[in-house]
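Presented below is the structure to which this report refers.
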Amino acid sequence: MNETIEFTKGPLALTQNISVAVFDFDGTISTLRCGWENVMRPLMLECIAGGGEPSAALKEKVDRYIDESTGIQTVYQMEWLAAEVAAAGGPQRDKWWYKEEYNRRLTAYIAAKKNALAAGAAPPESCRIAGAAQFLRALKNAGVELYLASGTDHADVCEEARLVGVYDLFTEVRGAPAHAAACSKEAVLRLLFEEKGLAGGNVLVVGDGKVEIALGHAHGAYTLGAATNEAARRGVNPVKRRRLIAAGADAIVGDFTCTEALTALFCPESAAASRK
Ligand SMILES: [Mg+2]
């Protein structure tokens with residue numbers, strides 16, 4: 001087996017192809033929103049410190065919260081921010097106010113990347129984790145039904161999936177409905193599992209967040225933790241790796257450049273047929 005796949009609980013030995021794979025988007029396939037922490041961190045520090053110089057303790061608190069909350073829906077992070085601002089004696093503002101301000105800043109931050117992709121000035125793979133499209137295509141060719149589930153607003157995830165060139169590979173792309181706090185990524189995933197009757201060993205969940213890995217694990221699916229380095233688009237991110245193993249990931253990769261080994265692992269029947 002390719003050494004770039006790390007098995008956390010001993011080797012996986014599937015005898016049948018998986019029939020469904022559920023992928024997370026941001027950080028797993030797309031790097032368009034890479035650097036969102038560079039937008040959220042100053043927003044949080046600025047709002048909690050009321051425009052003053054943030055203390056070292058505040059910086060540490062914000063960094064810890066961002067690290068812990070990675071992968072949850074933005075509005076919950078903004079709910080935390082609103083409470084912290086209020087506790088620090090700042091203005092009483094709605095979580096949606098913060099979410100809109102964060103989205104405005106993030107949109108400006110990633111606009112340059114989106115514009116370059118839309119204009120064809122940057123190739124779609126420049127905003128994809130290495131090997132992601134190849135892995136998706138190999139699974140699709142093996143007859144696997146592909147779903148994309150994201151906590152990002154639905155319209156944004158559809159647009160971004162098109163820009164990075166993977167939209168058409170999916171049976172369905174699902175994001176969070178606008179202004180629906182109850183529809184976190186976890187809720188999107190739960191609904192998808194319920195509606196499609198997904199359970200057990202015919203399902204693969206692939207993601208860089210603890211939410212999708214823990215949920216997949218709880219449903220008895222195979223879980224592939226994508227411990228991606230979003231800046232480099234390849235190689236293993238040790239912080240994500242630890243988080244994904246703790247969430248119950250069966251296997252870890254840093255990217256999908258070991259496409260053949262991954263496909264042979266999760267679609268052993270197709271791999272055997274192609275060898276004949
Ligand atoms: Mg993610």
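The values are calculated or read from the model by the stated rules, or taken from the named source; none is laboratory data. From a predicted model like this one, the values you see are computed outputs, not experimental measurements. Methodologically, a virtual Cβ is constructed for each residue, glycine included, from the backbone with ideal geometry; neighbour enumeration extends over all protein chains shown.
Exactly one residue out of Arg41, Arg104 is of a type in the set (Lys, Arg), out of contact with any Cys (no Cβ under 9 Å at 6 or more places or on another chain) and loosely packed, with under 14 Cβ neighbours inside 10 Å: that is Arg104.
Exactly one residue out of Asp24, Asp67, Asp63 is in the same structural domain as Leu163 (by TED's automatic domain parsing) and either charged (D, E, K, R) or under 21 Å from Ala251 (Cα atoms) (or both), and it is Asp24.
Within the bounds of the stretch 266-275, is there any residue that is among the basic types (Lys, Arg) and within 23 Å of Arg128 (Cα to Cα)?
no
I'd like to know if the stretch 9-17 contains one or more residues that are touching a Ser or Thr at 6+ places or on another chain (Cβ under 9 Å) and either within 16 Å of the ligand (Cβ to nearest atom) or on the phi > 0 side of the Ramachandran plot (or both).
no
Could you tell me whether Glu160 is among the charged types (D, E, K, R) and either in contact with a helix residue (DSSP H, G or I) (Cβ under 6 Å, 6 or more places away or on another chain) or surrounded by fewer than 19 Cβ atoms within 10 Å (Cβ to Cβ) (or both)? Here the answer is no, as Glu160 does not meet what is asked. Comparison of Gly131, Gly120, Gly51 shows that the only residue that is modelled with pLDDT under 95 and of a type outside the set (Phe, Trp, Tyr) is Gly51.
Mind checking whether some residue in the stretch 133-149 is part of a strand (DSSP E or B), surrounded by 15 or more Cβ atoms within 10 Å (Cβ to Cβ) and over 18 Å from the mean Cα position of the chain (by Cα)? Yes: the stretch 133-149 contains one or more residues that are part of a strand (DSSP E or B), surrounded by 15 or more Cβ atoms within 10 Å (Cβ to Cβ) and over 18 Å from the mean Cα position of the chain (by Cα).
Whenever a residue of the stretch 27-39 is in contact (Cβ under 8 Å) with a residue 40 or more places away in the chain and within 17 Å of Cys158 (Cβ to Cβ), its partners that are more than 10 Å from the ligand (Cβ to nearest atom) and among the small types (Gly, Ala, Ser), lying with C-beta atoms within less than 7 angstrom and at least six residues away or across chains, give the pairs Ile29/Ala132. Regarding Leu139, is this residue within 16 Å of the ligand (Cβ to nearest atom), under 28 Å from Ile213 (Cβ atoms) and not β-branched (Val, Ile, Thr)? Here the answer is no, as Leu139 does not meet what is asked. Pairs meeting the criteria (first residue in the stretch 3-17 and among the aliphatic types (A, V, I, L, M), second residue at pLDDT below 90, beta carbons under 9 Å, at least 6 apart or on different chains) are Leu14/Gly201.
Conditions tested, residue by residue: (1) within 18 Å of the chain's Cα centre (by Cα); (2) of a type in the set (Val, Ile, Thr); (3) surrounded by fewer than 24 Cβ atoms within 10 Å (Cβ to Cβ).
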| site | (1), (2), (3) |
| --- | --- |
| Gly200 | no, no, yes |
| Gly207 | yes, no, no |
| Arg233 | yes, no, yes |
| Val253 | yes, yes, no |
| Leu262 | no, no, no |
| Glu269 | no, no, yes |
